[in-house]
Every structure is written in structure tokens, then in C-alpha cells.
Amino acid sequence: MDRTINVILKPLRRFATQKSSASFLLFMATVLAMILANSPWAHAYHHILSYPIDLQIGSFNLFSHHGEPMPMLAFVNDALMAVFFFVIGLEIKQEVLIGELSSVRKALLPVIAACGGMIVPVLFYLLVCNTAPEVRGAAIPMATDIAFALAVLGLLGKRVPLGMRIFLTALAVVDDIGGIIIIALFYSGHIAYQPLLISLALLALLYVGGKMRVNNNLFYYVVGFFVWVLFLESGIHPTIAGVLVAFTVPARPKVNLNDFTCDMTGYLNMLDYTEVRQSKTASVLTPTQIQVLNNIHSLADNTISPLQSIADKLHPLVNYLILPLFAFVNAGVTFGDIQPASLVNVPLAVFLGLFVGKSLGIFSFTYLFARTRMGSLPTGMTRMNLFGVSMLGGIGFTVALFIANLSFTGMDALGADLLNQAKLGVFTGSFVSGLCGYLLLKKYLPKIPKE
């Protein structure tokens, strides 16, 4: 018995010791939310979720909807998560332009795998819940959390073939595209066309700016913020604004690396170190040296594309603030409110969708396609390894919780109960998928010989 418990806890200990991993912070925020939601401080926790965010500029509140301040929960889900989807959009664009989705041949296998990972989970969900209002949550198990899935894969270190890591990343990116489409089509409200048309005009402005090589990141931040505001007022879910703005950000720098090297050599030759006046407490440069150094700084900035520059700046914000905060405000499942009879309702449907549907969907679609002349498994991937990676696809978490909120918010007490059930299904399905996927890969991936 002790050996079995140790086998289960060992990967969790290794996961927890990865202090640099943002996934660990996400995990801790989730645990804290569940503890608070089921503690004597539950009232204070829910008070935080309903606390209004009021940022006034004159008479205008930057974070209001239909004249009312956003509560903390809506601020995180509708505003901060738009930044998360903005970064997702940047990653998707990069993959489409130069990554694993840049050609039909490269993209076909992960696209086929992702289709299986979206279609089959929905079918498993509908086997359990196929009537209103529970059926609204059918899209919940479609999602794959790329951060958690790659973190679990990372526990296996160098044993993981590069092709397997690339396959899982591309699969999750395509999965994100599917989730974005679902959110746009099925989770938007009544459309107000005037703000929508203005937002489209601003998107066109961003697109033209990108084509004209406008490399000032502030341009995309400011105009993108107004696009988000207009999407919020139009009735289309505002996180879609983040994705669309990301697609307008240019991926090509003003200066290529070869030109940078040549120009840098010239600038370095212009710096006369003998002209520096310095002492033990101070160093004074000449005006020429200051100008040369400023030119070097500007040259370096223009050698990084806005797409990579913005993504690099926003990744820490998303990974270490937005996603943990999202987990904290959304993961507060109240176990005392869940009746035993309800466990065979939405929780079972989401669990089966993530654990069984994702595993079978990704594996079957990928394996069958690989057996045709059009595809083949990545180098180093066997059938059992493929099944293990398919299980990791069942780690839904972030986007699954996000879609659960969209599915059941605004339905009063019944919606709150169904959302609570859905959260339980997401947690159990994601945890069991991650643990089983890790154990399976640990068993079947080739051992690294000790040096």
C-alpha cells in the first residue's frame, strides 16, 4: 500500500519542486481557492469575487459593462483573460507562420489529433448529459491546458523525444484555435452592431499599421484596449478581441539579424573608450558615445519583431499573475453543495470527456491517420507513448474552467450549482488524466543510460 501511495505522490513532489514553473503557482492558487471555498472564510472568499473594480477616468469607468462596474470575477474572466488569449493568439500566429502549423504537411497530424480530441469528448459528455440546461456544458472537455500538459511531460526530462514534445505543443495550439471558435460562435450575447463595426475599423487600422511596419508596441496595446472595450459593448465575448488583435501584430522585424551584426560592428568601432571620464564613484560619457549607445539600443529593439517582443514581455504577466489569479477566482468548488446523486450528472460527463474522450479521441484519430500514406508518427513515438500523450491532452483545467463559466453563468442558483459540478469534473478529469499519462509514459519511454 505504501509503495502504491509513493508511486502516486512522487510525480506530485517533483512537480512541486519545480519552483520556476508557473504551473506550480497555478496549482497552489487552485488548492488555496478550494480550501477557502470550504472553510469558515468562504463568505470572505465570495465577497472578494463580487468586489467591484472601479477605475475612473473622469466620469468613465475603464472596467464597466452596461454602466455597472465589473465584479472581480468578471474582471478576471473578461478583462485579464483577454490578455491571456492575446498571448495565445500571438503563439498561434507564430506557429502558423514559421512553426509546426506553417505547412499542410506539418499541420495535418496535430490538426487531425486535435479534431479527435474535440469531437470525441463532446460525444462522451452527451452520453451523460444531453438535455437542457446541462447540455450547455458540452464544450467543457474539449480543452487542453498546454502549460500543465507540458509541465507533466517535463517531469520525464530527457526521456521525452523532441517530436513528442512538438506534437503535444502543436496539438494544444490547434485545440486552442478550436476553443476560440467555440467561444466566438456559441458564447456571445446579443450583438450590438455599432460598437462592433467601430472595433472592426480599429482592427483594420492595426492591420494596416502592421503592414506598414509600425513596430511601436504601445500602438498595439492602446488600440487593442479600445477594440476590447468595443467587443465588450458589442456582445461578442471580449476575449475574442485579444486573439484578433494578436493576429494583426507584425512578426517581421524592421532590421534583420545580418544587418544588425554589420551595423553593430560599425557602432562599436565608433565608441572610443579612452574618451570616458571616470573615477571610483562616477563615469561620464561623451555626447557622441551616448548617441551611439542610444542608436545601439534602438537597433536592438528593431531587430526583434513586435510579435516576439510583446509575447516575451507578457508571458511573465500571464504565467505568474493572470493565470494564478484566474485559478484563484474560478477554482472555488464547494464540496458541501454537491449531492451524491449529482455526481453522475455534469461531474461524470466532464470527467469522462476529459479522461476517456480525450485519450480515445486523440489516440484513435492520430493512429488511424498515421496508418495512411499521408501521415506518420513523430520520431521516437510508439503506440503506447502516443496513448500516454493522448492522456495528457485530457488535462483541461484553464480553458475548461473558462468555458464552464461561460456555459453556466447567468442562470441563477441552478447555474451556480451546475458550474460547481463542472469544476469538480474538470479537477478530477484533469488530475487523473495527468497522473495516468505520466505513469504510462514513465513506463514505456526508453530509459536514459547513466553516464
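The values are calculated or read from the model by the stated rules, or taken from the named source; none is laboratory data. Everything numeric in this text was worked out from a predicted model, so none of it was measured. Methodologically, a virtual Cβ is constructed for each residue, glycine included, from the backbone with ideal geometry; neighbour enumeration extends over all protein chains shown. Quick note on the areas: whole protein, heavy atoms, side chains included, nothing else; ligands and nucleic acids left out. Shrake-Rupley method; radii C 1.70, N 1.55, O 1.52, S 1.80 Å.
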In the stretch 1-39, the residues that are at pLDDT below 55, polar (S, T, N, Q) and either touching a Cys at 6+ places or on another chain (Cβ under 6 Å) or open to solvent by less than 70 Å² (accessible area, probe 1.4 Å) (or both): Q18
Quick one: in the stretch 112-137, which of the residues that are aliphatic (A, V, I, L, M) and open to solvent by 50 Å² or more (accessible area, probe 1.4 Å) is nearest to L406 (Cα to Cα)? V135
Please work out which residue is modelled with the lowest pLDDT, limiting yourself to the stretch 230-283 and to residues that are among the small types (G, A, S) and in contact with a helix residue (DSSP H, G or I) (Cβ under 9 Å, 6 or more places away or on another chain). G235
Do any helices (runs of 4 or more DSSP H) lying entirely in the stretch 360-451 carry at least 1 residues that are surrounded by 22 or more Cβ atoms within 10 Å (Cβ to Cβ) and at positive phi, and which ones are they? 397-408
Which listed residue, of T265, T261, T281, is farther than 26 Å from Y187 by Cα, in a loop (DSSP other than H, G, I, E, B), open to solvent by 30 Å² or more (accessible area, probe 1.4 Å) and of a type outside the set (A, V, I, L, M): T281
Taking V135, is it assigned to a helix (DSSP H, G or I), free of Cβ contacts under 8 Å to residues at least 60 places away in the same chain and of a type in the set (V, I, T)? yes
Hey, can you tell me all the residues within the stretch 40-81 that are of a type in the set (G, A, S) and at pLDDT 90 or above? A44
Any hit, the stretch 303-312, residues being surrounded by 11 or more Cβ atoms within 10 Å (Cβ to Cβ), modelled with pLDDT under 80, assigned to a helix (DSSP H, G or I) and among the charged types (D, E, K, R): no
Scan of the stretch 326-350 for residues that are open to solvent by less than 50 Å² (accessible area, probe 1.4 Å), part of a helix (DSSP H, G or I) and either closer than 23 Å to D175 by Cβ or not hydroxyl-bearing (S, T, Y) (or both), ordered by number: F326, A327, F328, V329, N330, V346, P347, A349, V350
Restricting the stretch 313-325 to residues that are of a type outside the set (A, V, I, L, M, F, W, C) and crowded, with 16+ Cβ neighbours inside 10 Å, the one modelled with the lowest pLDDT turns out to be N319
Scanning the stretch 75-120 residue by residue, those free of Cβ contacts under 8 Å to residues at least 24 places away in the same chain and either of a type in the set (S, T, N, Q) or in contact with a Lys or Arg (Cβ under 6 Å, 6 or more places away or on another chain) (or both) turn out to be S102, S103
Please list, ordered by first then second residue, the pairs with beta carbon atoms under 8 Å, 6 or more apart or interchain, first in the stretch 258-282 and more than 26 Å from D301 (Cβ to Cβ), second surrounded by 10 or more Cβ atoms within 10 Å (Cβ to Cβ) and hydrophobic (A, V, I, L, M, F, W, C). R277/V284; Q278/V284
